[in-house]
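Written out below as structure tokens is the structure these notes cover.
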Amino acid sequence: MSPLSGELGAYLALILVGFLPNEVWRWLGVVFARGLDEDSEIVVWVRAVATAILAGVIAKLTIFAPGVLATVPTGVRLGAVAAGFVAFVVIRRSVFAGVIAGEIALIGGALLFAG
Amino acid sequence: MSLPAAAPLSPMSAYLAGFRATWTSVFSYVLFGTYIGIGALAHDFGFSVTWAFFSTILVWAGPAQVILISALGAGASHIEVAIAVGLSGVRLLPMVVALMPMIRRPQTRAWDLLLPAHFTAVSMWVEALRLLPKVPRENRIAFCNGLGSGYGVTAISATVVGFYLAAKLPPLMSAGLLFLTPLAFFMSTLRNARMLLDRLALAFGFVLGPLFAYWQVGLDLMWSGIAAGTAAYLVHRLREVLR
């Protein structure tokens, strides 16, 4: 543990092991993007990778749900995502409609199929 | 038919336009919900509300903050925490690389890009990709800073609210709040995905992400993203070549 006083140590830790290890990726992003054209093939590929990573995050959160979300049955979680998707498609590709429908489905499903 | 280019605004007007754009964005709700959880987490692990406040401003990444708070709070060594936080931040790199060319002009200095790069997080990135095409290039940096600030204000408020609400939320409500993130990310990336490339990247990513995690591949998100993204890109290129 830090030899410094609690408060100061906590803020130092925030900067050294919280801010820096995270922010360095943003700085690298600025560096790597130098001289890259918006329509270059590299940027197109990078966008595909970023999108795929995000999709992975979404799928993992839904399937291997963290924390208290794990108390909701997997089927209910997947069903809620499906319900949100249907609402999204039906209601003019509205993200709000999809989110609200998905939440209602999740809460409703969790109450109905409470383990 | 191309639309007439909008006349460029002053930097302040562009900034405020970005700020206001967050008010009608679903991500404001998602961020609020997520950061209530983060504020509560900080409280439960014994950090001060001021510390939590600064963690949101400085780190500005939900997953990294959750790791930071829970690992540091549980007494993990600083090296371990730094590595875990660092690994969670890898996804920021491709997002920033994809965004910078959209907002940069020949005379833009790297220094001017540091703030929009800092503001880059999933919410801001998805909305920026969606809204920037309609923003004159001169205004894009200010607009992105406005987006980031708008979301930041929401997240900071939620951090403080969550800190004081801490652990008084019924489990079902906490689960509902946690679920906001995958739901909103899913729907908004679907909305953004008009090109085949984006749709394939999403589809492949949905499959490979959990698969690599299940196979316990090290840095699973990074590798599944590279594999899925590259596969989508190759299909896209093949189509272009065969045209």
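Ordered by residue, what ³J(HN,Hα) values in Hz, to whole numbers, does the stretch B:188-201 give under the Karplus form 6.51 cos²θ - 1.76 cosθ + 1.60, where θ = phi - 60° and Gly and Pro are x?
6, 6, 4, 4, 6, 7, 9, 7, 4, 4, 5, 5, 5, 4
Residue by residue through the stretch A:19-32, which ³J(HN,Hα) values in whole Hz follow from phi under the Karplus form 6.51 cos²θ - 1.76 cosθ + 1.60 (θ = phi - 60°), with glycine and proline marked x?
5, 4, x, 8, 5, 4, 5, 5, 5, 4, x, 4, 4, 5
Can you give the mean number of other chain Cβ atoms that lie within 10 Å of the Cβ atoms in peptide B:78-88?
Counting Cβ atoms of other protein chains within 10 Å of each residue's Cβ and averaging gives 4.
Would you calculate a helix-derived [θ] at 222 nm for the protein assembly as shown, using -39,500 (n - 2.57) for each DSSP H run of n ≥ 4 and dividing by the full residue count, to the nearest 500? Write out the running numbers ahead of the final one.
On the way: 17 runs with 266 residues, N = 358.
Only helices count here, giving -24500 deg cm²/dmol.
For B:PHE45, B:PHE212, B:PHE143, A:PHE113, what ranking results if the residue with the fewest other Cβ atoms within 10 Å of its Cβ goes first?
A:PHE113, B:PHE45, B:PHE212, B:PHE143
Spelling out what I want: for every residue of the stretch B:109-117, take phi, set θ = phi - 60°, compute 6.51 cos²θ - 1.76 cosθ + 1.60 (Karplus), and round to whole Hz; glycine and proline get x.
8, 4, 3, 5, 8, 5, 6, x, 5
If a paramagnetic tag sat 7 Å from the Cα of B:ALA166 along the Cα-Cβ line, which residues of the stretch B:12-43 would have the backbone N under 13 Å from that point?
B:37-43
May I ask you to sort B:ASP112, A:ASP39 by Cβ crowding, counting other Cβ atoms within 10 Å and putting the fewest first?
Neighbour counts put them in this order, fewest first: A:ASP39, B:ASP112.
With a Förster radius of 30 Å, plug the Cβ-Cβ distance of A:ASP37 and B:MET12 into 1/(1 + (r/R0)^6) and report the FRET value to the nearest 0.05.
On the way: r = 29 Å, r/R0 = 0.96.
Plugging the Cβ-Cβ distance into 1/(1 + (r/R0)^6) gives 0.55.
So how do A:THR74, B:THR159, B:THR154 line up by other beta-carbon neighbours within 10 Å, fewest first?
Going from sparsest to densest Cβ surroundings: A:THR74, B:THR154, B:THR159.
Bin all alpha-carbon pair distances of chain A at 5 Å intervals from 0 and give each bin's fraction as a whole percent.
2, 10, 11, 12, 11, 11, 12, 14, 10, 5, 2, 0
From the square roots a ≥ b ≥ c of the eigenvalues of the alpha-carbon gyration tensor of the protein assembly as shown, which class results: rounded (a/c under 1.5), prolate (a/b over b/c), or oblate?
Note, shape of the protein assembly as shown comes out rounded.
Since every read-out is calculated from the coordinates, none of them should be taken as a lab result. Note that the coordinates shown come from a computational prediction; the quantities given were computed from them, not determined experimentally. So basically every Cβ, Gly included, is an ideal-geometry build from the backbone, and we count neighbours across all protein chains shown.
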